[in-house]
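Engineer: Here it is: the structure, laid out below.
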Amino acid sequence: MSDIIKLQRPDAGADTLPVSSLALKDIRMTTPKKVALVTGASSGIGEAAALQLLSAGYRVYGTSRRGADAGDRAFPLLALDVTDDASVAAAIAQLVEREGRIDLLVNNAGVGVTGAAEESSIEQVHALFETNFHGVVRVTNVVLPIMRRQGSGRILNIGSGLGLIPAPFNAYYSATKHALEGYSESLDHEVRGFGVRIVVIEPGATRTAFETSTVPSDKPMAAYDAIRAKYLAAYDQAIAHAGSAQDVAATIVRAASAGTPRLRYPSGKDARQGAFARRFLPRSLFDRVLHKQFGLA
């Protein structure tokens, strides 16, 4: 693992950056293409985004907990576990050693939990936040010093329509995405002066293999069986008519390429309609529509 070295700014304390002294001797452009890093890129939205960024002219690196063992891709897959400090530091050090810079970070890695809020243990909630929120913070905090030293960079955090409109049986997943909304907006204010911008991508229902990374609540209760069945039926219907990972990837490329990016990019018709309805409909009417959609009393 590469050395930890200190960068001194005349107006502040030291920045600790986990990349090698060779890479940091001069953050340099070693390729004419912009360099993008996409976490969770072995499947789904992450893989689609990496491929579309590649087509858009980026030099792309993806990450997976298994790294290259996750299979061959059109882009390199680095081993990176967003829940592990050392893993994050090592992967980003490896990337900077190769390329000398990072221009775009797409924080996509995530997991899900489905069930009533009362049905999850506190340990399950901790694990969900460790990946979906703390993982984003962990990767961002290693990449930001690189981007600040470059004087440029863009970070796209993959949120969710559920970060704006919490749905039943998604309390904790929604909470992680709400946390990303607040974190991203605050961070954008702080780093804009360094030439770095923060963006939230807000996908609606999307057909991916995300279900394989989604687990049921670990304390199921019979009291919720009937209402849960109605929710799951509504969810299956929504997925049947949902957009694709490629649709979300196109939104990611658009946000990455925008000269002056917006803070939020809803992706998909349902996400755009939901954001509009949440903003303009009275709460009582909005709730009635939501409850009807999910078959709630």
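The values are calculated or read from the model by the stated rules, or taken from the named source; none is laboratory data. The structure presented is a predicted model; accordingly, all values stated were derived computationally and were not measured. Note that we place each Cβ from the backbone using ideal geometry, even for glycine, and neighbour counts take in every protein chain shown. We work out accessible area using only protein heavy atoms, side chains counted, and drop any ligands, DNA or RNA first. Shrake-Rupley method; radii C 1.70, N 1.55, O 1.52, S 1.80 Å.
Engineer: Could you check the range 255-279 and list, in sequence order, the residues that are surrounded by 16 or more Cβ atoms within 10 Å (Cβ to Cβ) and in a helix (DSSP H, G or I)?
Structural biologist: 255, 256, 270, 271, 274, 275, listed by residue number.
Engineer: Let me ask you something else. Give me the pairs: first residue in the range 159-171 and farther than 15 Å from residue 203 by Cβ, second residue modelled with pLDDT under 85, beta-carbon distance under 9 Å, and six or more apart or on different chains, which are they?
Structural biologist: 168/290; 168/291; 168/294; 168/296; 169/235; 169/294
Engineer: Does residue 217 satisfy the criteria of being hydroxyl-bearing (Ser, Thr, Tyr), open to solvent by less than 20 Å² (accessible area, probe 1.4 Å) and within 28 Å of residue 288 (Cα to Cα)?
Structural biologist: yes
Engineer: Something else about it: Which condition number does residue 167 fail, the rest of (1) over 13 Å from the mean Cα position of the chain (by Cα); (2) at pLDDT below 95; (3) open to solvent by 20 Å² or more (accessible area, probe 1.4 Å) being met?
Structural biologist: (3)
Engineer: Scan the range 87-112 residue by residue and report those that are among the hydrophobic types (A, V, I, L, M, F, W, C), in contact with a strand residue (DSSP E or B) (Cβ under 8 Å, 6 or more places away or on another chain) and either farther than 17 Å from residue 40 by Cα or in a loop (DSSP other than H, G, I, E, B) (or both).
Structural biologist: Those that are among the hydrophobic types (A, V, I, L, M, F, W, C), in contact with a strand residue (DSSP E or B) (Cβ under 8 Å, 6 or more places away or on another chain) and either farther than 17 Å from residue 40 by Cα or in a loop (DSSP other than H, G, I, E, B) (or both): 102, 109, 111.
Engineer: So how many residues does the range 193-241 have that are modelled with pLDDT under 85, farther than 30 Å from residue 260 by Cα and of a type in the set (A, V, I, L, M, F, W, C)?
Structural biologist: 6
Engineer: Any chance you could count how many residues in the range 53-84 are closer than 25 Å to residue 268 by Cα and either without any contact (Cβ under 8 Å) to a residue 40 or more places away in the chain or surrounded by fewer than 21 Cβ atoms within 10 Å (Cβ to Cβ) (or both)?
Structural biologist: Here the count works out to 6.
Engineer: Further question: Within the set of pairs 6+ apart or on separate chains, which have a first residue in the range 274-296 that is free of Cβ contacts under 8 Å to residues at least 12 places away in the same chain, a second that is assigned to a helix (DSSP H, G or I), and C-beta atoms under 7 Å apart?
Structural biologist: What qualifies is 286/277; 286/278.
Engineer: Please enumerate the residues belonging to the range 27-44 that are modelled with pLDDT of 95 or more and open to solvent by 30 Å² or more (accessible area, probe 1.4 Å).
Structural biologist: If the condition is that a residue be modelled with pLDDT of 95 or more and open to solvent by 30 Å² or more (accessible area, probe 1.4 Å), then 34 is the only one that fits.
Engineer: On the basis of being of a type in the set (Gly, Ala, Ser), within 19 Å of residue 110 (Cβ to Cβ), part of a loop (DSSP other than H, G, I, E, B) and out of contact with any Asp or Glu (no Cβ under 6 Å at 6 or more places or on another chain), does residue 40 make the cut?
Structural biologist: yes
Engineer: If you go through the range 145-152 one residue at a time, do you hit one that is surrounded by fewer than 20 Cβ atoms within 10 Å (Cβ to Cβ), β-branched (Val, Ile, Thr) and in contact (Cβ under 8 Å) with a residue 24 or more places away in the chain?
Structural biologist: Checked the range 145-152: no residue is surrounded by fewer than 20 Cβ atoms within 10 Å (Cβ to Cβ), β-branched (Val, Ile, Thr) and in contact (Cβ under 8 Å) with a residue 24 or more places away in the chain.
Engineer: Considering every residue within the range 140-154, establish whether at least one is over 19 Å from the mean Cα position of the chain (by Cα), of a type outside the set (A, V, I, L, M) and in a strand (DSSP E or B).
Structural biologist: Checking the range 140-154: not a single residue is over 19 Å from the mean Cα position of the chain (by Cα), of a type outside the set (A, V, I, L, M) and in a strand (DSSP E or B).
Engineer: Let me confirm something: among 125, 106, 136, 111, which residue is touching a helix residue (DSSP H, G or I) at 6+ places or on another chain (Cβ under 7 Å) and open to solvent by 30 Å² or more (accessible area, probe 1.4 Å)?
Structural biologist: Result: 111 is the single residue among 125, 106, 136, 111 that is touching a helix residue (DSSP H, G or I) at 6+ places or on another chain (Cβ under 7 Å) and open to solvent by 30 Å² or more (accessible area, probe 1.4 Å).
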